[in-house]
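Below is one structure, written out as structure tokens, with a few remarks after it.
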Amino acid sequence: MPHISITDVTKSYPPRRRGGATVVAVDGVSLDVERGDVFGVIGYSGAGKSTLVRLINGLEPVTQGSIQVDGVDVTSLSGARLREVRQGIGMIFQRFNLLRSRTIRANVAYPLEVVGMPRDQRRARVDELLRFVGLEDKADAYPEQLSGGQQQRVGIARALAAEPAILLADEATSALDPETTDEVLDLLARVNRELGVTIVVITHEMDVIARIATKVAVMEQGRVVESGATYDVFTRPQTDTARRFVRTVVRALPDGDALVALRQQHDGRLFTISFTDEGASEARVFGALARAGVDFHLVHGGVDDIQGRVYGLLTIAVRGDDAAIRDAVASIGSGVTITEVTA
Amino acid sequence: MNDLVERLQELLPTLFEQTGITLWLVAVSLLFGGIGGLLVGTALYVTRRGGVLAQPVAFWVLNALVNTIRPIPFIIFIVALQPVARAVLGTGLGTNVIIFSISIAATFGIARIVEQNLISVDPGVVEAARAMGASPWRIIRTVILPEAFGPLILGYTFATVALIDMSSVASIIGGEGLGAYALDYGYRRFDPVVTWSALAIIIVVTQLVQGLGNWLARRILRH
Ligand SMILES: Nc1ncnc2c1ncn2[C@@H]1O[C@H](COP(=O)(O)OP(=O)(O)OP(=O)(O)O)[C@@H](O)[C@H]1O
Ligand SMILES: [Mg+2]
């Protein structure tokens, strides 16, 4: 049984003004998140990502469809029963949303108060959580005394306090600089690995997906247009939207002006080689070309790390006779796709 | 000059007594009106669209009530409320009627101040508390009110100064206090020393209230 199962879910908002158009924020989405997944949802602004996660813990009611969390249909719950389900789902936010009126310690204790944990146990649990996120020395500080990254780590500690099995992260790193982003993503990966928490990560940065998501769904205008294992979506994107996102991380194939410039600088034929870790390595590709006696050099691209796996997308300029090039390409073997850049 | 000093010495016990009455009047009205305003203001905030206890009908009724009562000039409000005061307190005159009237007027005035301060609370923290499974009542008590505490103190300081102002019309229904003293003895009996002495004390009291409020709010907001 999936940990979170979203079936045919639609969420529409009534028009803001009389005569306005109904906004369909989430449009017929079905997704399964398995236990232990780090499930990424990526899309441009307004795609419906935030709305989708807010349906999972019932912050908004669905218009249609059903969402099962641990086999419980949350869309049929309300009041105290719904609040009980929420206590088992942690959530972190782009702007951290810490209580300014409370110290760090009291912020992390908040969900424990909600679930009714006695005061003396609360203290021990908060200490443990602050140690986990590496902020035990900040226990008595107030949120505004912490950096953004530290505040988000407090947010994570708070979200984990009541030992949820699921963590929802809505743009958790979008307000942070790249270095701090890494720090927070590492922590989320640790939460998933060490505590076995299923994580749903909402983002508009493909980099975040590449770093921690095991699976990804690409959203556009309320719909999921593509989904699958992160590595597969990166190496074989099926839709334009997915390709555009992939290109933000994987050094893209040259096109337009870049391609014109390459053609001017290099004579010979241009080929792109894409290889995954299932097939050849970069070294094998270059070795095969060299052995075939063709003269080549790398003009564009590079090798990327997607979820700890290798993905290369290289463009080479090759000089030599057509037969030699054909032989060289043939000798490289499986796992590598070579296509000539013809545009 | 000597005359003035002598005159002030003569007035001092009365000024002292009337200051005490004003402070008592304002303190009791602030207590009732403050609690009433907190309840009505919080109710306005939580029942509005998107609030934690959204209730469009309740909001509409409360909102209309506040909008109706708040703009009534206090001096007219007091007179209009006299029959009600008579029914509730058994009299339409005196200091208790003033307290009664100020408390009711202040409830609606403070309600708006409270509502406005609560609106300034970051909706994100309310969302976070909802996501943690907190009940609406708990969110009001442990998130919304504590998060707005600093601005609320400033709002109540502002309201207290307004209450001192309101208390000065007490004389029209036979109430006492600095304002009534200034009007009845200073104005009607052409005794500017009384008027100016009462005025000076009101200014000092107001300054003290404002200073205390600012200091408290600064501490709470950790500026
Ligand atoms: N409460 C609401 N009332 C009306 N429309 C809403 C509401 N919340 C969201 N929407 C609309 O639903 C659509 C999806 O919004 P949503 O916030 O889910 O997008 P998002 O993918 O999270 O975007 P972003 O990256 O900007 O956060 C948008 O068109 C938005 O205007
Ligand atoms: Mg969003």
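Applying a 10 Å radius around every beta-carbon, put B:149-157, A:317-325 in order of their mean neighbour count, most first.
B:149-157, A:317-325
Would you mind finding the longest exposed-site-free stretch of chain B, with exposed trypsin sites (Lys or Arg not before Pro) meaning DSSP loop and at most 13 other Cβ atoms within 10 Å?
Values: sites that count: B:49, B:188, B:189, B:222.
By the stated rule (loop sites, at most 13 other Cβ atoms within 10 Å), B:50-187.
To test your reading of the geometry: what angle, between 0 and 90 degrees and rounded to tens, separates the Cα axis of helix B:149-167 from the longest principal axis of chain B?
The answer is roughly 30 degrees.
Restricting to bridges with both residues inside chain A, how much of the DSSP beta-bridge set is antiparallel, in percent to the nearest 5?
Antiparallel bridges make up about 70 percent of those DSSP assigns within chain A.
Just counting partner chain Cβ atoms within 10 Å, what average do the residues of peptide A:96-105 show around their Cβ?
Whole-number average of other-chain Cβ neighbours for A:96-105 is 5.
For segment A:4-249, calculate the relative contact order in percent as a whole number, restricting contacts to Cα pairs under 8 Å that are 6 or more residues apart.
Contact order relative to length: 27 percent.
I need the trypsin sites (Lys or Arg not before Pro) found in segment A:6-77, filtered to DSSP loop residues with at most 12 other beta carbons within 10 Å of theirs.
Taking segment A:6-77 and a limit of 12 other Cβ atoms within 10 Å, the loop trypsin sites (Lys or Arg not before Pro) found are A:16, A:17, A:18.
State which stretch of chain A is the longest one without any exposed GluC sites (Glu not before Pro), exposure meaning a DSSP loop state and at most 15 other Cβ atoms within 10 Å.
A:35-277
Which value, in debye to the nearest 20, gives the size of the charge dipole of segment A:4-249 about its Cα centre, when Lys and Arg are +1 and Asp and Glu are -1 at the Cβ?
Working: 31 positive and 32 negative charges, 153 e Å.
Approximately 740 debye in magnitude.
Express in nm, to one decimal, how much length is gained between residue A:248 and residue A:144 on full extension, taking 0.36 nm for each residue of separation and deducting their alpha carbon distance.
Here the segment from residue A:248 to residue A:144 would lengthen by 34.1 nm.
What is the interface area between chains A and B, defined as buried accessible area summed over both chains with a 1.4 Å probe, reported in Å² to the nearest 100?
For A against B, buried area totals roughly 1900 Å².
Only protein chains counted, 1.4 angstrom probe. Which residues of segment B:122-147 are at least 30 Å² less accessible in the assembly than when their chain is isolated?
Residues losing area: B:125, B:127, B:128, B:130, B:131, B:132, B:133, B:138, B:142, B:147.
Take the Cβ-Cβ distance between residue B:39 and residue A:78 as r, set R0 to 25 Å, and report the resulting FRET efficiency rounded to the nearest 0.05.
Working: r = 26 Å, r/R0 = 1.04.
E between residue B:39 and residue A:78, to the nearest 0.05, is 0.45.
I'd like the distance between the alpha-carbon centres of segment B:133-207 and segment A:294-343, rounded to an integer number of Å.
82
Could you report segment A:1-92's accessible area per residue, 1.4 Å probe, as an integer in Å²?
Here the per-residue accessible area is 46 Å².
Among B:65, B:38, B:23, whose mean-square fluctuation peaks in a Gaussian network model of chain B (Cα, cutoff 10 Å)?
Between B:65, B:38, B:23, it is B:65 that shows the largest mean-square fluctuation.
Considering only protein heavy atoms and a 1.4 Å probe, what is the carbon-and-sulfur percentage of the accessible area of the protein assembly as shown?
56
What are the radius of gyration and Dmax of segment A:256-340, computed over its Cα atoms and given in Å?
12.8, 39
Two decimals is fine: what is log10 I(q)/I(0) at q = 0.08, 0.11, 0.15 Å⁻¹ for chain A, from a Debye sum with one equal scatterer on every Cα and no solvent?
-0.49, -0.81, -1.18
Residues of segment A:139-164 that become at least 20 Å² less accessible with every protein chain present than in their own chain isolated, using 1.4 Å: which are they?
With the partner chains in place, segment A:139-164 has these residues losing at least 20 Å²: A:142, A:144, A:158.
Please give the average number of partner chain Cβ atoms lying within 10 Å of the Cβ of each residue in B:59-69, rounded to a whole number.
Counting Cβ atoms of other protein chains within 10 Å of each residue's Cβ and averaging gives 0.
The values are calculated or read from the model by the stated rules, or taken from the named source; none is laboratory data. A quick note: this is a predicted structure, and the numbers were derived from the prediction, not measured. Cβ: placed from backbone, ideal geometry, glycine included. Neighbour counts: every protein chain shown. These area figures cover heavy atoms from the full protein model, side chains too; ligands, DNA and RNA do not enter into them. Shrake-Rupley method; radii C 1.70, N 1.55, O 1.52, S 1.80 Å.
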